[in-house]
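**Student:** Structure below; questions to follow.
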Amino acid sequence: MKEKKSCTTAREIAVKAVIRVDRDGGYSNIVVEKLLRSSGLDSRDTAFAGAIVFGTLERLITIDYMLELCSGRKVSQMQPEVAGILRTAACQIMYMDSVPESAAVNEAVELSRKMKAGKASGFVNAVLRSLIRRGGKVDLSGLSGVERLSVEYSCSREAVKIYINSLGEEKTRLFLENSLGKPPVFARVNPLKNSMAEFLQYCENKGITAVPHSCIPNCAELREGFHSSDFEGRMHIQDVSSQICALTVQAKPGMKVLDVCGAPGGKAFTIAETMENEGTVISCDLHQNRLSLIRSGAEKLGLSCIEAMQNDASRPNEKFGSYDRILCDVPCSGLGVIRRKPEIKYKKLDSLEELYRIQYKILETSSKYLKEDGLLVYSTCTLNKKENDDIVERFLWENSEFEPYAVDFFGKEACSSVTFLPEDMGGDGFFAAVFRRKRNDVR
């Protein structure tokens, strides 16, 4: 059903988006984009609505904790419209200094009437006034351990426990601190169309602030004044960690490379560029409708060596031959990218066994296509030891024809597997492990 365009405000759009993400479990960026596209809001209101949505989702557990202290009621038991109105208003009061507290309260009360929750308008007013009397601050008194980290950084207890088990408490706290706030935007500069110097000059001419990464070649951070459509194939948006993952494949011109879980195509693009567009990169995805993302991106970048193919990576495919390099960037819990997709922090994580099974099956199936002396990279954008180190250990134990292969992970000591955190290179949390298929004469 299409949203009505008449009398729609930024705050109303924000409430609807928060309700939909909470109710349907959708990704916030997709939900917000769909609602904004049909809203008729101008650019200023569009930006305001987006800031409210992402701010609310980023701090949802913290906000709910304070709303429950102020109301004496569980947010989960409130009418969805009331919960959405209170959450977004609390976000404005607690985290958006540019919004007057009175405006946040008054607009919330008005929205409760507009969104058929008029009977709760007095309740909404009282709860938000109580929050303001508390100074709009988070009260962490009496909290400790996992519960304190969960409330302080707005992350589910299940996720916090996984982080601590995988990283330890100190690194978990640092990671959660870095997960809050606007994430950096990185570009992978396309060497087929411009050098880094030419790219930086192009950005300067366009009024775009771009800063080369200190360690990663052909990588630049875009800080302001840009839109992805501005660059005419001179680059593609790709996080630092994703770029490192693609570079770890060590593809060379003329090679045959298989990217088994490729859409939307960023890693395949970087691999093809390092190959100077010479050779073959087969980039696959389970879903046929996502292949267009790979094809359109490759065409824009001028990468003719990429072929997009529908394939279930967990099942053997007789059409595949053998490859010099294989990338298994498997589906995962996404716990390394929560600063870009905050809704991941709140998903149920108490039953991940099926995901572990799929991850291992994809790795094992894909390994059958690798040539002798070839390299296989297994990667995830999660920080869960069971999806990372445990999968790698099992694979090496059950597949004696493979061995760990040490590589230089840009500044880290050469090793065969690595976990990157935001404080390392500025990118998202990710894991990568490299294997080499032994030659027959050394098995």
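**Student:** Looking only at residues in segment 218-229 that are open to solvent by 50 Å² or more (accessible area, probe 1.4 Å) and touching a helix residue (DSSP H, G or I) at 6+ places or on another chain (Cβ under 8 Å), which one is farthest from residue 192 (Cα to Cα)?
**Tutor:** The extreme case among them is 225.
**Student:** Residues in segment 326-349: is at least one at negative phi, open to solvent by less than 60 Å² (accessible area, probe 1.4 Å), out of contact with any helix residue (DSSP H, G or I) (no Cβ under 9 Å at 6 or more places or on another chain) and assigned to a strand (DSSP E or B)?
**Tutor:** No, every residue in segment 326-349 fails to be at negative phi, open to solvent by less than 60 Å² (accessible area, probe 1.4 Å), out of contact with any helix residue (DSSP H, G or I) (no Cβ under 9 Å at 6 or more places or on another chain) and assigned to a strand (DSSP E or B).
**Student:** Could you check how many residues of segment 397-414 are part of a loop (DSSP other than H, G, I, E, B) and in contact (Cβ under 8 Å) with a residue 40 or more places away in the chain?
**Tutor:** So the count comes out to 5.
**Student:** Among the listed residues 408, 428, which satisfies the condition of being surrounded by fewer than 21 Cβ atoms within 10 Å (Cβ to Cβ) and acidic (Asp, Glu)?
**Tutor:** Unique residue meeting the criteria: 408.
Every residue, every condition in (1) under 19 Å from residue 358 (Cβ atoms); (2) open to solvent by 30 Å² or more (accessible area, probe 1.4 Å), yes or no:
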{"site": "272", "(1), (2)": "no, no"}
{"site": "278", "(1), (2)": "no, yes"}
{"site": "293", "(1), (2)": "no, yes"}
{"site": "301", "(1), (2)": "no, no"}
{"site": "307", "(1), (2)": "no, yes"}
{"site": "311", "(1), (2)": "yes, no"}
{"site": "316", "(1), (2)": "yes, yes"}
{"site": "320", "(1), (2)": "yes, no"}
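**Student:** Scan segment 308-322 and report the pairs whose first residue is over 13 Å from residue 291 (Cα atoms) and whose second residue is open to solvent by 40 Å² or more (accessible area, probe 1.4 Å) and not in a loop (DSSP other than H, G, I, E, B), with Cβ atoms within less than 7 Å and a gap of 6+ or a chain change.
**Tutor:** Taking only residues 6 or more apart or on different chains, the pairs are 314/358; 314/361; 322/371.
**Student:** Given the conditions (1) without any contact (Cβ under 8 Å) to a residue 24 or more places away in the chain; (2) open to solvent by less than 30 Å² (accessible area, probe 1.4 Å), and given that residue 106 satisfies all but one, which numbered condition is not satisfied?
**Tutor:** (2)
**Student:** Name the one entry in 370, 286 that is open to solvent by less than 30 Å² (accessible area, probe 1.4 Å) and hydrophobic (A, V, I, L, M, F, W, C).
**Tutor:** None of the other options fit; the residue is 370.
**Student:** Sticking with this one: Taking residue 30, is it of a type in the set (Val, Ile, Thr), closer than 18 Å to residue 341 by Cβ, out of contact with any Pro (no Cβ under 6 Å at 6 or more places or on another chain) and open to solvent by less than 20 Å² (accessible area, probe 1.4 Å)?
**Tutor:** no
**Student:** Right, next: Please go through segment 144-157 and give me each residue that is closer than 19 Å to residue 180 by Cβ and either more than 29 Å from the chain's Cα centre (by Cα) or part of a helix (DSSP H, G or I) (or both), ordered by number.
**Tutor:** Taking segment 144-157 first, the residues closer than 19 Å to residue 180 by Cβ are 146-157.
If the condition is that a residue be closer than 19 Å to residue 180 by Cβ and either more than 29 Å from the chain's Cα centre (by Cα) or part of a helix (DSSP H, G or I) (or both), then 146, 147, 148, 149, 150, 151, 152, 153, 157 are the ones that fit.
**Student:** Taking segment 168-177 only, how many residues are open to solvent by less than 60 Å² (accessible area, probe 1.4 Å) and either at pLDDT below 95 or over 19 Å from the mean Cα position of the chain (by Cα) (or both)?
**Tutor:** Residues in segment 168-177 being open to solvent by less than 60 Å² (accessible area, probe 1.4 Å) and either at pLDDT below 95 or over 19 Å from the mean Cα position of the chain (by Cα) (or both): 1 in total.
**Student:** What residue, among those in segment 178-201 that are under 27 Å from residue 420 (Cα atoms) and basic (Lys, Arg), is most open to solvent (accessible area, probe 1.4 Å)?
**Tutor:** 182
**Student:** OK, next. I need the full set of residues from segment 69-81 which are in a helix (DSSP H, G or I), over 29 Å from the mean Cα position of the chain (by Cα) and surrounded by 16 or more Cβ atoms within 10 Å (Cβ to Cβ), in order please.
**Tutor:** Residues satisfying the conditions are 70, 71.
**Student:** Under the condition of being open to solvent by 20 Å² or more (accessible area, probe 1.4 Å) and under 19 Å from the mean Cα position of the chain (by Cα), which residue from segment 37-54 is nearest to residue 103 (Cα to Cα)?
**Tutor:** 51
**Student:** Could we say that residue 112 is at pLDDT 95 or above and over 32 Å from the mean Cα position of the chain (by Cα) here?
**Tutor:** no
**Student:** If you don't mind, there's one more thing I want to ask. One residue is enough: does segment 128-148 have a residue meeting the conditions of a type in the set (Val, Ile, Thr) and either open to solvent by less than 20 Å² (accessible area, probe 1.4 Å) or on the phi > 0 side of the Ramachandran plot (or both)?
**Tutor:** no
**Student:** Give me the pairs: first residue in segment 19-48 and under 19 Å from residue 348 (Cβ atoms) and at pLDDT 80 or above, second residue among the hydroxyl-bearing types (Ser, Thr, Tyr) and open to solvent by less than 80 Å² (accessible area, probe 1.4 Å), beta-carbon distance under 8 Å, and six or more apart or on different chains, which are they?
**Tutor:** Going by the 8 Å Cβ cut-off, the qualifying pairs are 21/28.
The values are calculated or read from the model by the stated rules, or taken from the named source; none is laboratory data. Since the model is a prediction, treat every value here as computed from it, not as a measurement. Positions of Cβ are generated from backbone atoms using ideal geometry, with glycine treated the same way; all protein chains shown enter the neighbour counts. These accessible areas exclude ligands, DNA and RNA; they are computed on the full protein's heavy atoms, side chains included. Shrake-Rupley method; radii C 1.70, N 1.55, O 1.52, S 1.80 Å.
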